[in-house]
Amino acid sequence: MGWFAGGSPVWTRVGTKVLQIGKTAGSWLLKACIMQLFLTLFSLPILLRWGLPLSWLTMLGNIIWSPCIALFLLLSALLFFAELFALPCALIAWGLEKLTNLWLMALSWGDSSNLVAFADQPWWILIWLPLGALFIVFSTSKATTRVFLLSGWLFVSLNGLRLLTPTEIRCSIPYGTKNLLLICQNGKSSLIDVDGSIRGGKAGSFAIMLLRTELARKAGLLSCDELVCTQPTPRRLLATQELARALHIPVVIQK
């Protein structure tokens, strides 16, 4: 009964503790958002230069999985030292196994539809992305204002990069020792094997990886609408179909 008498001090202390935990969690979340927004803006020029896509879920994934990475490293270190000094480690191994299974399950949910690519731009345009982020971080100390301004700057930057990507493109894309022809017009993109450049095997797999980055750098594309094989032979057609599957190209045309 004493718990509820005189303004129920126990529940008051519990409520105060809950509020403190909520305030601490909110402060951590704001700081995590600021860090992720800042790092995204700072790394975007590097991603564009290397022809790497950006995931819309990057910031959310980093915020969620950063504690999991810290826990994984902690458990791995504990397991190492337990094995080193011959200490019981079954519980640590069990926890590490469960965390790894959870991680692998989350990775299986991955979907390439969350990825977006932007064409590379001149350095004097890209430099404004990190400079804007630095200006925002150093011009205000209020966390909510930083999140709002960094989010706005990221939104403006991504839309600006999309507007700067040309809609009419005709260029060569390196593939192995030769080139493929990329044509983008009327909202349709075609990748054409003009002189039988497409090949399979290990060399073809490496060329596909480089081709994917070049598509992103030159045209802001992760795939194309169609792949055209101009000199089809059974072996070359098989390599063309392999390339189409790797780049998720829905249509293969023989000419």
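The values are calculated or read from the model by the stated rules, or taken from the named source; none is laboratory data. Computed from a prediction, not measured in an experiment: that's the story for all the values here. All Cβ positions, even for glycine, are placed from backbone atoms using ideal geometry, and neighbour counts span all protein chains on display.
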Quiz item: Do we find that R236 is touching a helix residue (DSSP H, G or I) at 6+ places or on another chain (Cβ under 7 Å) and among the charged types (D, E, K, R) in this structure?
Solution: no
Quiz item: Looking only at residues in segment 205-231 that are part of a loop (DSSP other than H, G, I, E, B) and over 10 Å from S189 (Cβ atoms), which one is modelled with the lowest pLDDT?
Solution: Q231
Quiz item: Looking only at residues in segment 112-136 that are touching a Pro at 6+ places or on another chain (Cβ under 8 Å), closer than 16 Å to G220 by Cα and buried (at least 16 other Cβ atoms within 10 Å of the Cβ), which one is modelled with the highest pLDDT?
Solution: L126
Quiz item: What is the one condition in (1) in contact with a Phe, Trp or Tyr (Cβ under 8 Å, 6 or more places away or on another chain); (2) touching a residue at least 24 places away in the same chain (Cβ under 8 Å) that S197 does not satisfy?
Solution: (2)
Exercise. Go over the candidates F148, F155 one by one and state the one that is exposed (fewer than 12 other Cβ atoms within 10 Å of the Cβ), in the same structural domain as L54 (by TED's automatic domain parsing) and of a type outside the set (S, T, N, Q).
Key: F155
